[in-house]
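Here the structure comes first, spelled out in structure tokens, and everything after it is commentary.
The values are calculated or read from the model by the stated rules, or taken from the named source; none is laboratory data. Quick caveat, the model's predicted, so the values are computed rather than measured. Virtual Cβ from ideal backbone geometry, glycine too; neighbours counted across all protein chains shown.
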Amino acid sequence: MLKLWPMALAMGLGALVLWLNPAPRHHGLSPLAALGHDIFHDVALSASGRQSCATCHRAEFGHASASGIETGGPDMQAQGQRNVPSLRYVHTRSALTFDKEGKASGGFFWDGRAASLQAQAMQPFLNPLEMANPDAASVVQKLSRSTYAARFTALNGAAIWQQPELAFAAMAEALAAYQKEDPDLHRFDSKFDRVMKGRATFSDAEQRGWSLFKDKEKGNCAACHTAEAGADGLPPLFTDNSYDNLGVPRHPGLGLHQPISGHDLGLCQNRLLPADVRADSLCGAFKVPSLRNVAVRRAFFHNAAITDLREVLSFYATRDTHARLWYGKGPVFNDLPSRYRGNVNRSEAPYDRKPGERPRLSEQDTDDLLAFLQTLTDADLAASVAKPRAAVAVANAAAHADR
Ligand code: HEC
Ligand code: HEC
């Protein structure tokens with residue numbers, strides 16, 4: 001013990017130095033992606049001088065946020081309006097499309113409004129609730145003063161500085177390249193991946209959870225959170241990148257500045273929707289998120305209304321059988337204007353129950369599903385796994401009724 005502590009102290013100091021002064025990790029990245037890495041971590045590119053992409057998308061939380069809803073703006077006082085998604089496992093996603101049946105899939109953001117990682121990357125710099133720059137030119141001017149500006153010139157030519165819109169697009173291209181190339185953003189080294197390769201085995205609870213996850217009469221989770229390898233040969237991403245309306249309860253702490261009476265309507269407010277799409281039916285639909293690293297998250301759903309993973313599972317089980325626990329005495333689906341409440345999915349398991357019926361998932365099932373979801377954590381994030389609240393589902397959910 002005595003001999004170990006100086007080493008522990010040295011390791012602690014080493015970690016502190018790294019934390020204060022993170023060395024750029026360019027290992028194995030192309031020059032474009034390495035530039036993107038530096039842009040991603042540069043707080044000087046924000047109006048406040050205190051926020052970078054990495055401030056909200058923190059590596060140790062699976063490139064999502066520690067709290068769910070973040071603040072930003074010129075003085076870091078503006079409250080964000082949506083839960084910060086993880087940037088892991090988004091690298092193969094493409095633009096929003098509608099199939100013949102009118103089913104939406106793809107796109108970036110909870111409402112699919114960015115068609116590519118590059119298109120997405122321009123928005124945070126100018127979003128008044130985030131990095132809050134007035135225009136592209138001011139971002140490019142900040143970039144020109146950075147320590148890595150010479151590398152930007154080497155890649156894009158000196159003339160690009162005279163064309164701020166082009167330079168801004170080149171920055172976004174570098175950010176996209178970084179997110180596609182950084183191996184930490186798609187490690188595929190969770191316990192689940194090891195089990196699939198025959199290098200580890202599930203515990204009994206994990207195995208039961210895995211079965212429930214796929215069972216169409218029980219969890220039915222895989223209907224949307226795909227559990228099979230993709231056409232591209234990649235291991236499952238646990239999303240089909242489609243959209244659905246779960247009727248998630250309102251987040252009381254979220255002051256929304258949305259056009260329609262303070263409601264976030266998701267997909268139907270996406271301005272890129274094709275003209276022939278019936279937008280009304282899409283109000284309240286949000287992107288199906290990947291469940292990889294879900295056990296590391298601190299806030300769930302597009303509005304971060306639920307902050308405990310076991311409680312999310314209880315919501316799936318008891319939304320319809322014990323609605324009061326989630327919506328209190330008021331109307332159900334209380335985060336949607338009444339005319340859109342009919343859009344909520346009530347036909348698919350596990351949320352196809354009626355009041356008085358038995359939930360599709362028992363307490364034991366919920367525990368088993370939780371155990372399975374915890375196997376989806378990348379190896380580098382083991383220390384960040386949140387401790388789920390242990391209380392039984394209904395009692396747990398009751399907290400919502402008091403809000
Ligand atoms: C103030 C916090 C904040 C900052 C700073 C920020 N983001 Fe985000 N990011 C979010 C939130 C919140 C969302 C979801 C917003 C929505 O759906 O409307 C998001 C969404 C995304 C997505 C879409 C992920 C998906 O699954 O669709 C990507 C990619 C992304 N951000 C990358 C970046 C990059 C690159 C930067 C820096 C240029 C950045 N973010 C800066 C909070 C932030
Ligand atoms: C019909 C499609 C569908 C089914 C079935 C489904 N989900 Fe989801 N899931 C979604 C959508 C859509 C969201 C995002 C909803 C929102 O934010 O409004 C979501 C969100 C989640 C989240 C929150 C993740 C995050 O990062 O915020 C978890 C956890 C989750 N689902 C787990 C499950 C589990 C476990 C099951 C099975 C018991 C399941 N889901 C079944 C569509 C589905």
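Summary of computed values
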item	result
For SER347: the one exception among (1) within 22 Å of ASP99 (Cβ to Cβ); (2) touching a residue at least 24 places away in the same chain (Cβ under 8 Å); (3) polar (S, T, N, Q); (4) within 12 Å of ligand 2 (Cβ to nearest atom)	(2)
Test: residue in region 152-172 that is charged (D, E, K, R), under 16 Å from SER30 (Cα atoms) and not in a loop (DSSP other than H, G, I, E, B)	no
Qualifying position, being assigned to a loop (DSSP other than H, G, I, E, B), buried (at least 16 other Cβ atoms within 10 Å of the Cβ) and more than 16 Å from ligand 2 (Cβ to nearest atom), among LEU129, LEU175, LEU143	LEU129
Any pair with Cβ under 6 angstrom, 6 or more apart, that starts in region 356-383 at a residue that is surrounded by 14 or more Cβ atoms within 10 Å (Cβ to Cβ) and ends at one that is of a type in the set (Phe, Trp, Tyr) and assigned to a helix (DSSP H, G or I)	PHE372/TRP210; PHE372/PHE213; THR375/PHE192; LEU376/PHE192
Evaluation of HIS225 against (1) within 16 Å of ligand 1 (Cβ to nearest atom); (2) within 17 Å of ALA34 (Cα to Cα) (one fails), failing number	(2)
Residue that is within 13 Å of ligand 2 (Cβ to nearest atom), over 14 Å from the mean Cα position of the chain (by Cα) and modelled with pLDDT of 95 or more, where the choices are ALA114, ALA104	ALA104
Selected residue [farther than 25 Å from ALA104 by Cα and either within 15 Å of ligand 1 (Cβ to nearest atom) or not charged (D, E, K, R) (or both)] from VAL277, VAL296, VAL288, VAL312	VAL296
Conditions (1) assigned to a loop (DSSP other than H, G, I, E, B); (2) within 16 Å of ligand 1 (Cβ to nearest atom); (3) of a type outside the set (A, V, I, L, M); (4) at negative phi; number of the one not met by PHE238	(4)
Residue check for LEU87: surrounded by 15 or more Cβ atoms within 10 Å (Cβ to Cβ) and more than 7 Å from ligand 1 (Cβ to nearest atom)	no
Qualifying residue in region 282-293 (condition: in contact (Cβ under 8 Å) with a residue 12 or more places away in the chain, in a strand (DSSP E or B) and basic (Lys, Arg))	yes
Residue check for HIS302: in a loop (DSSP other than H, G, I, E, B), surrounded by 15 or more Cβ atoms within 10 Å (Cβ to Cβ), at pLDDT below 95 and within 14 Å of ligand 2 (Cβ to nearest atom)	no
SER86 being within 15 Å of ligand 2 (Cβ to nearest atom) and either outside any loop (DSSP other than H, G, I, E, B) or polar (S, T, N, Q) (or both)	yes
Hits in region 191-226 (condition: more than 15 Å from ligand 2 (Cβ to nearest atom) and under 25 Å from the mean Cα position of the chain (by Cα))	LYS191, ASP193, ARG194, VAL195, MET196
Residue check, PHE61 near ligand 1 (Cβ under 8 Å from one of its atoms), out of contact with any Gly (no Cβ under 9 Å at 6 or more places or on another chain) and not aliphatic (A, V, I, L, M)	no
